Structure formats: structure tokens, C-alpha cells
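Below is one structure; the comments refer to it alone.
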């Protein structure tokens, strides 16, 4: 046991003192702090409220647009100008943009947005919505419709949603709540992918380097292969958990110090009843992903005969992680497809995909439990294979993976 802890401590110390560990940790901490203060950063570069010119010869149109200005931009200042003045002041940066509104002889309203920069689709849609409302009001006036008749004409059918699961529980999320869950999922999936690939690559490279440099011949004279490989694997896992703990602590401190709740309300996103479930499943998925891929990388590293072949050896693992990553990433908006449901039960892919499914109220508790159990069983099997493959191939230098696997299979 002493030899295990000696190797474990040495592996842990060597990893946490590397520049790559420290630089990556600092970068993520800076990103967390920046995200926690994104509203302050935006305000720092914001030159204040926009100044928007309204160009129209029709006083009634101007009055109606001014009344509905909140739909266009709450904070903007609106001024009535001529088209020539608008062009001149936009060039001099005295106006941010201008709305040119014209009305034809047949009472059809047309709008044009003038700006120094390219006009976004959102700006066009917002102006179109406002002008459509004004067009309706003008048409109603021409048809001598009363205010009550106009209100009835504009009445929209209401569509609501109701989610009923097998337990007759009902749940529905607002757009603000869905937005918050999406942010957690995107950030969590990307962080999981980079951490998994980073540490899996490290453990495979270290094992392959020891083996191909003949250093292992000296090591196994004092430490058994089983003790050595287990200490290596758990040492790297401990390093990954240390890094995750640092990120979690920084995020927790940022949440309370920088008043994240107020910032979220400003961006119209908010935590919800599923947030706790999402974070819990995310942490479990991250741990299972790290364990699965680090142990798999140890297997691939131990059967590598030459250090030049390590990238080729890691290719199957990289493909698996990329499959899980991209399924998760492209399913955030629609996490209830058959592909996502099936993938959430496939070990090595499920840590990514089940995290996405946990953001919806439709996922059942038993599905999460089954997915976790399958991953744990896979981890145990991979650990057994890792120990056996390391012990049986550590002093062999078979060329090719097929020969290495044959050697493992033939061992009793």
C-alpha cells in the first residue's frame, strides 16, 4: 500500500505542477470570472443608449412609432429628422441608425433602416412588427372600424403546452428557464469534453512513454505492475478532480460575490426547478466520463509498442468522445429524439448525452439511474482490462494492436 501511495503522490505532484495544468486552470478561472461579470464588461464598452432618427413626413405615423418605441428599443432616444440630416449624422456617428418610413397613395407603409454598420435580422423583424401594427390601425381607420372591433380583429389564439409523463406529473418551462438550462448544458458539455480528452491523452502518453523508454523495467523491480497502473490511473483522476473542484469553488464564490441572480434577470434567464437536477446529473456525468476515458486511455497506452503510434492508438477513444460530444451539442434544442434517448444509455457516450436530457422535465429518474449503472459497470470492466493488459504487455513490444490483444487474450 505504501508503494501505491508513493506512486500516486508522485503522479499527482508531477501533474499539478506542470505549466499546462496551471495555464489551463487560470484560463478557465478567468473565463468563469468574466462570465460572472459579463454585464459589467458590456457596460464598460457600451457608449450609452442608442440615438435613433425617424424620417417621415406623416405626423400621425411619427406619433404612432413614438408610442410603440419600446418594442424597438427600450433605452433608445428617438428624434425626428429629415433623410438628408439622418445620412449626415449617421456618417458623423451622431445617430446610430435611422428609420425611414413612407406611406404610399394606397395607404401601404414601407420602412427602411439606415445604418453605418450592417443591419441585423432582429432589427428588421422588430421594425416590421411595429409597422405591421400601425398598418392594421390605419386600415381599420379607413374601414371605420371601432376600437372594440379592431381589438377583436387582432385577437390571437392562445396555445399552451402540457407535459404529462408516466407518473401524471406536469411540468413546463418558460423561455427564460430554458435559456438558463441551455447555458449550463453548453458550458458543461464543452468543459467535460476538454477535460476528458486532456487527461485521457496524458495518462496514455505517460504509460506509453514509460514502456517504450524501458523505464518500466526498473520500476517493476520495486513496484508490481498492478499497483503501478492503479496508482497512475487514480493519480491522474485525482488531478482532474482537483481541477474541477477549483472551478466549482471559483464558480460558487462568483455566484455569491457578484450577485449572479441580478445579472441573470437582466439577461432574462432564470434558474428553475430542474437546475438542481441538471447540475447533479452534470457532476455525476463528468465524473463517469473522466473515469471511463482515463481508464480506456490507460488500456490503449499499455498496448502501444512505439511512442509514435500513440495518436493512432487513441483514435478510437477520440472518435467515441467526439460522437458523444456532437450528439450532445446538436441535441440541446431538441433532446427528446430517438437518437438521443438511445445514446443516453450507451457507455462512454452517455455521460455527454444524459447531461443534455437532464435539462428537460421529460427524462425519468429510472433512465438516469440505469444510465449511471451501465457506466459504472463499464468502468469496472475497463479497469479489469486495464490491469490485465498492463500486466501482460508491459514488457512486450509487439508491433500492432492485434498482436497485443492476442497476447492479452491468450494469457490465463
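The values are calculated or read from the model by the stated rules, or taken from the named source; none is laboratory data. Fair warning: this is a prediction, and the values are worked out from it, not measured in the lab. Cβ atoms come from the backbone with ideal geometry, glycine included; neighbour counts cover every protein chain shown.
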Helices (runs of 4 or more DSSP H) fully within the range 298-386 counting 3 or more residues that are at pLDDT 90 or above and surrounded by fewer than 22 Cβ atoms within 10 Å (Cβ to Cβ): 310-329, 338-343
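Only one of these is at pLDDT 80 or above and out of contact with any strand residue (DSSP E or B) (no Cβ under 9 Å at 6 or more places or on another chain): 91, 110. Name it.
91
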All positions within the range 117-154 that are farther than 16 Å from residue 65 by Cβ and in contact with a strand residue (DSSP E or B) (Cβ under 8 Å, 6 or more places away or on another chain): 119
Failed item in (1) touching a residue at least 12 places away in the same chain (Cβ under 8 Å); (2) part of a helix (DSSP H, G or I); (3) surrounded by fewer than 22 Cβ atoms within 10 Å (Cβ to Cβ), with residue 283 passing the rest: (1)
Conditions (1) over 18 Å from residue 289 (Cα atoms); (2) in contact with a helix residue (DSSP H, G or I) (Cβ under 8 Å, 6 or more places away or on another chain): number failed by residue 362: (2)
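Return the only residue of 233, 184, 197 being at pLDDT 85 or above, under 32 Å from the mean Cα position of the chain (by Cα) and over 30 Å from residue 33 (Cβ atoms).
Details: 184 fails: over 30 Å from residue 33 (Cβ atoms); 197 fails: over 30 Å from residue 33 (Cβ atoms).
Sole residue among the options that is at pLDDT 85 or above, under 32 Å from the mean Cα position of the chain (by Cα) and over 30 Å from residue 33 (Cβ atoms): 233.
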